[in-house]
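A.B. asks: Below you'll find the structure I mean.
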Amino acid sequence: MDSEHTHKSARPQRSGAAAGRAWQWVVEGFAALGTALIGVLMVIICADIVARNLMGASLPLVSELGALLLVMIVSLQLATTIRADRLARTDLFLVGLKRSRPKFAALLSALFNLVGATIIGLVAYASIRILGKDWASGDYIGIIGIATLPTWPFRMFILAGMTVAALEFVVRMISDLRRFATQEDMP
């Protein structure tokens, strides 16, 4: 009977750990795609430089494609930046606060992550309308007859990246709230 109780209580922990690993794969997969796109962007820019020097003209699509790729790269890698705790924020007093008042520091961090989730979530929400407009209108970049690309795939990846980043903020906020609930502030 005791081993059955132990087995039942271990199951939720394993499924939670599996969900955490799956989520980490999603976040890291988006970052890997963003890194690969950095390589693509570098190749496009270098090809444009060569074309300008040899032919005296820029390649078609380079400026528009570069702009969309840059925004897409940032959105795809944002969740990993959040996960690694590499966002620009004022940690000057938070480090000391974590030592002296860990419970308050966890609450403050949860608040920061709530604000981050809200703002990035609003960006993702606004991206839905833009994606829908681009899909419905068949919006494209480039010059007809020379080279064109639809914009909706870029918008889709931007939306996906922002959504994953907002969810990563939520994951971190939940972790902070758990830490707040289990820790005690020092006197």
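A.B. asks: State whether one or more residues within the stretch 59-76 are under 27 Å from THR163 (Cα atoms), among the polar types (S, T, N, Q) and either in contact with a helix residue (DSSP H, G or I) (Cβ under 7 Å, 6 or more places away or on another chain) or touching a residue at least 60 places away in the same chain (Cβ under 8 Å) (or both).
C.D. replies: The answer is yes, given that some residue of the stretch 59-76 is under 27 Å from THR163 (Cα atoms), among the polar types (S, T, N, Q) and either in contact with a helix residue (DSSP H, G or I) (Cβ under 7 Å, 6 or more places away or on another chain) or touching a residue at least 60 places away in the same chain (Cβ under 8 Å) (or both).
A.B. asks: Can you name every residue in the stretch 50-67 that is surrounded by 13 or more Cβ atoms within 10 Å (Cβ to Cβ), assigned to a helix (DSSP H, G or I) and not small (Gly, Ala, Ser)?
C.D. replies: ARG52, VAL62, GLU64, LEU65 - these are the residues of the stretch 50-67 that are surrounded by 13 or more Cβ atoms within 10 Å (Cβ to Cβ), assigned to a helix (DSSP H, G or I) and not small (Gly, Ala, Ser).
For every residue, the table says whether it meets (1) polar (S, T, N, Q); (2) not in a helix (DSSP H, G or I).
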residue	(1), (2)
GLY142	no, yes
THR148	yes, yes
ARG155	no, no
ILE158	no, no
ALA166	no, no
PHE169	no, no
MET173	no, no
ALA181	no, no
GLU184	no, yes
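A.B. asks: When you scan the stretch 102-109, do you find a residue that is loosely packed, with under 12 Cβ neighbours inside 10 Å and either touching a residue at least 12 places away in the same chain (Cβ under 8 Å) or under 26 Å from ALA67 (Cα atoms) (or both), even just one?
C.D. replies: no
A.B. asks: Only one residue in THR151, THR163 is in contact (Cβ under 8 Å) with a residue 24 or more places away in the chain, among the hydroxyl-bearing types (Ser, Thr, Tyr), more than 30 Å from LEU97 (Cβ to Cβ) and in contact with a strand residue (DSSP E or B) (Cβ under 7 Å, 6 or more places away or on another chain). Which one?
C.D. replies: Within the list THR151, THR163, the selection yields THR151.
A.B. asks: In the stretch 120-147, what residues are touching a residue at least 24 places away in the same chain (Cβ under 8 Å) and farther than 30 Å from MET173 by Cα?
C.D. replies: ILE141, GLY142, ILE143, ILE146, ALA147
A.B. asks: Would you call LYS133 among the basic types (Lys, Arg), part of a helix (DSSP H, G or I) and closer than 29 Å to GLY20 by Cα?
C.D. replies: No, not satisfied.
A.B. asks: Here are LEU70, LEU87, LEU76: which of them is within 24 Å of the chain's Cα centre (by Cα), crowded, with 16+ Cβ neighbours inside 10 Å, closer than 29 Å to ILE158 by Cβ and of a type in the set (A, V, I, L, M, F, W, C)?
C.D. replies: Matching residue, one of LEU70, LEU87, LEU76: LEU76.
Read the figures in this text as sums done on the coordinates, not as results from a lab. Quick caveat, the model's predicted, so the values are computed rather than measured. Cβ sites come from the backbone with ideal geometry, for glycine too, and all protein chains shown count toward neighbours.
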